[in-house]
Structure formats: structure tokens, C-alpha cells
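Some notes on the structure that comes next.
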Amino acid sequence: MEFVPEQGKHVNGDSSTLILPALSIGNVGQLAVDLLVASTRAERIGYLDTPYVLPCVGNDAYGPVPNGELALPLEAYDSSANAMTLIQQRSPVVKGRMIEFAKNLADYVAASGKKHVVVLSSLDFGRWQRVDMSSGLQTLYLSSTNSDGTDDYCEQLGWKKLQEYKPTQKAWKYLSALAEGNAIPESILPFEGELEEEEYYYPSLPFAALFSCLKAKGLKVTCLFCYCSEGDNIPDAFHLAEAACKLLGLSPSNFQGNGNDKLVIPLSWKTLYGPPADMSLF
């Protein structure tokens, strides 16, 4: 994976935290990163070139009108005021190449000197085993701090560890061996057709590959999740972005410098459901 800087831009060596999405249902992780980029006024410093992400191109994702500034599949943004780098992923990974992509990304992140990586992802509401909506949207987490995925600070914030992460389970052991590049013992090699079984569902998701490969590089990794369904996922995106701010001790009121404690939506979202109606016709 190669970082290609924009002219006159460079990676801020003081930005020790990286936030990135893991593609999943409703694109909630990507929407949350959009919110953080817009709210922190992070500047684009370049893009990442990799053969493992499908090519795509679009217009400026944050401006109110198209101005010809192209958006690419993997872009890097820097918010120096918050010592934070953000990566936005706008197209999916090539089928069957998720582990290679995650390894390449982990190599780049480790070489760039990042200390803490925050991965934002949604989970399929239809697979939630213990539904509890008594307190509204819930935040779940997975951390590399302890071997069982727990983290005391996340627990203090009132979040629950993702129960489906079971590091002693065969499927998670298999993923860990792939991420570390170790020889895979026969005892954890999946049988023919076994990868389609329920046990392998969560370890097969993009967040799991990112978590395992980043962890294998010795980085601190925190994954934040919320369960959702396809539809209008903007509330879910706000929920994840606010959770990321809480985790990192960031206050949205400091982003804009005007005391506003709300995250700011990208101006392009105002035409999410089409351009405003032409009221001059009425």
C-alpha cells in the first residue's frame, strides 16, 4: 500500500490516533467518518493506492456544490488540532482479498507511527441475539487491550463488549493465524463448507480482519459498533461518531470554535435525497 500525498501536503507525525471505517450494513462507519471529517474540518492530505480496493471516482464529498475536486476510494485526512488522522474508504474490497487488504493497511499504519486505531462499523440488527433497546441505541466495543477483547475504560463509558468475539473459538483462532502469518495448525483449519457456518459469520466480517491484522502489528485497536438495518442510517452514523469522540475525549464544541456541541453534517448531505424543490414554480 502506497501513500500518495497531495501537492504540498504531508502526514502529521504528531497525529497518533487513526480513525477508519469497516464496511458493513448501511455504510454506517463511512457515514460516521464523513461526520468527523466535516466536524473537525480535517484537510485531505492524500490518498492510499492499493490493488485490493475496487476503483471508483466521484465529486467532492463535502462541498455544497460539485466543484470538480475528485473523491477517490481511499483518502487520508488530517486534523492536526485534534492529533488525529482519518481514512475514508468509499468502495469495497475486492472479493476474497480482505485479509491481504487488512495486512497491507496494518503494515502502513504501523510504519506511519500510529499508536491507537479506532475502527467504526455497524452490525446486522437481524443477528442481534440479546436485543435491549430500553436505553436507545447501544454502543458495543472490541478492544485489543486485553486478550478477551475487554477494556476497562470502555466499560466505564457504559459500553458492552461484543459477545460474539471468542478468541478461543476455532474461527477466531483461524483468523488470528492468518493475520499473524503463522503456519495454521490442522486443528483449526476449516473443513470444506465449514466457512459458511454461523461460527464463522462474525470473524468473516471486514472489522474482524482489520482488528486481527492491526492487533498482530502490536497496535492498540478499538472497534466501536452499533446494530442497525438498511435504510436511513444517519442517526446510527451520529451515534458512532459521537461514541468515537467520547472514547478519545474530544468535544464537538471545540471543533468549530463556536461552542456548538453538535457534530456538523457535510454540506453535500443536504442533497442526499435529491436537490431542493424549485419553489418558484408554485
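The values are calculated or read from the model by the stated rules, or taken from the named source; none is laboratory data. Computed from a prediction, not measured in an experiment: that's the story for all the values here. Glycine gets a Cβ as well: all are built from the backbone with ideal geometry, and neighbour counts include every protein chain shown. The protein model used for the area step is the full one, side chains on, heavy atoms only, and it has no ligands, DNA or RNA in it. Shrake-Rupley method; radii C 1.70, N 1.55, O 1.52, S 1.80 Å.
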Wholly within segment 181-282, helices (runs of 4 or more DSSP H) carrying at least 3 residues that are modelled with pLDDT under 95 and in contact with a Lys or Arg (Cβ under 9 Å, 6 or more places away or on another chain): 252-256
Which numbered condition P55 fails, given (1) open to solvent by 50 Å² or more (accessible area, probe 1.4 Å); (2) under 19 Å from E242 (Cβ atoms); (3) touching a Leu at 6+ places or on another chain (Cβ under 9 Å): (2)
Subset tally (residues that are of a type outside the set (K, R), more than 10 Å from Q138 (Cα to Cα) and open to solvent by 10 Å² or more (accessible area, probe 1.4 Å)) for segment 220-232: 4
Pair list, Cβ < 7 Å and 6+ apart or interchain, from segment 105-116 residues that are over 14 Å from V11 (Cα atoms) and outside any helix (DSSP H, G or I) to residues that are open to solvent by 40 Å² or more (accessible area, probe 1.4 Å) and not hydrophobic (A, V, I, L, M, F, W, C): K115/S16; K115/K220; H116/S16; H116/K220
Test set (1) in a strand (DSSP E or B); (2) among the aromatic types (F, W, Y); (3) farther than 19 Å from P21 by Cα - W172 fails condition number: (1)
Candidates L105, L54 - the one that is under 22 Å from F225 (Cβ atoms) and among the hydrophobic types (A, V, I, L, M, F, W, C): L105
Any hit, segment 15-26, residues being within 24 Å of H239 (Cα to Cα), modelled with pLDDT under 95, among the polar types (S, T, N, Q) and assigned to a helix (DSSP H, G or I): no
Single residue of D152, D132 found to be more than 21 Å from the chain's Cα centre (by Cα) and either modelled with pLDDT of 95 or more or within 27 Å of F3 (Cα to Cα) (or both): D152
